[in-house]
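I have placed the structure first, in the form of C-alpha cells, so that the comments after it can refer back to it.
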Amino acid sequence: MYISICMAFSAGSDSTLSEKMEIQIHTTQLKLLVGDITAQATDAIVNAANSRLMHGGGVAGAIVRKGGMSIQLESFKKAPVPVGQAVITGAGSLKCKYVIHAVGPRMGEGNEDEKLKNATINCLRVAEENNLSSIAFCAISTGIFGYPMDRCAEIMLSNTIAYLKGQTTLKEVVFCLYDRHAYDIFAAALKKLNP
C-alpha cells in the first residue's frame, strides 16, 4: 500500500493547479481528484439521487443534461428506491458505461450516517454484481440534502476502504470532487484514516 500525492498544471488557457491523491488497497487503486463526474471514463459513475429518481438538479441534473433523457426514462422504471439503496441504469452518451443511482440521506431525517454507509456499500456491490471494474463516486448527500462534507468524507472513505480490504473484483475507485474545498476535506480524511 502507498499514498501518492501528485500535483500538475493542467494544459489549457487558464492553467489551474489540479491535485490527485492515490492509494493502493490490495489490487484496487483508490483515487481522489477534483473534476466533473460526468466526464469520468470509469465503468460507472455514481449519481446522488432522490428516492423518486427525478434527476432535476445538482449532479443528477448534470448527468441527464450531458448523458441524455434515456437515463431519466430508465430511472423512472426503477423508482422508487429506498434511502441507502442503489440501482443501475445505462449512461446514455456519457463516457462511462453505467450510472449507479445512490439514494443518500437528507440531514434531519434520522440515522443519516448509517444510511450514507449503506448507500456507499450498495454502490460498490451493484458495481461488482454487474461485473464492473471501476467506479467514480461524488460526495453523496452534500448538496441540497445538507449532509456535512467532513462527515461524508469520513463515512464514504472508511466504508470504501473496509470494503476493498475484502475480496473484490474492483480495480479502481475514484472520488471525483467538484471543487478544491471538497477535495481538501476528502484528502484530510484519507490521510487521517491511513489505510
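FYI, it's all coordinate maths here, none of it is from the lab. Since we're looking at a predicted model, the values are computed, not measured. Note that each Cβ is placed from the backbone with ideal geometry, even for glycine, and that neighbours are counted across all protein chains shown.
For the range 116-195, a simple Cβ point-charge model (Lys and Arg +1, Asp and Glu -1, everything else neutral) yields a dipole of about 180 debye relative to the Cα centre. Take every DSSP beta bridge whose two residues both sit in the chain; close to 50 percent of them are antiparallel.
Taking every alpha-carbon pair under 8 Å whose residues sit at least 6 apart, the range 18-193 reaches a relative contact order of 29 percent. Peptides 75-81, 110-116 ordered by packing proxy, namely the average of other Cβ atoms within 10 Å per residue, highest first: 110-116, 75-81.
Which value at 222 nm does the chain reach when only helices count, each DSSP H run of 4 or more adding -39,500 (n - 2.57), with the total divided by all residues and rounded to the nearest 500 deg cm²/dmol?
Taken over the chain, the calculation gives -11000 deg cm²/dmol.
Stokes-Einstein diffusion of the chain at 25 °C, 0.890 mPa s viscosity, Kirkwood radius from Cα pairs, rounded to a whole number: 148 µm²/s.
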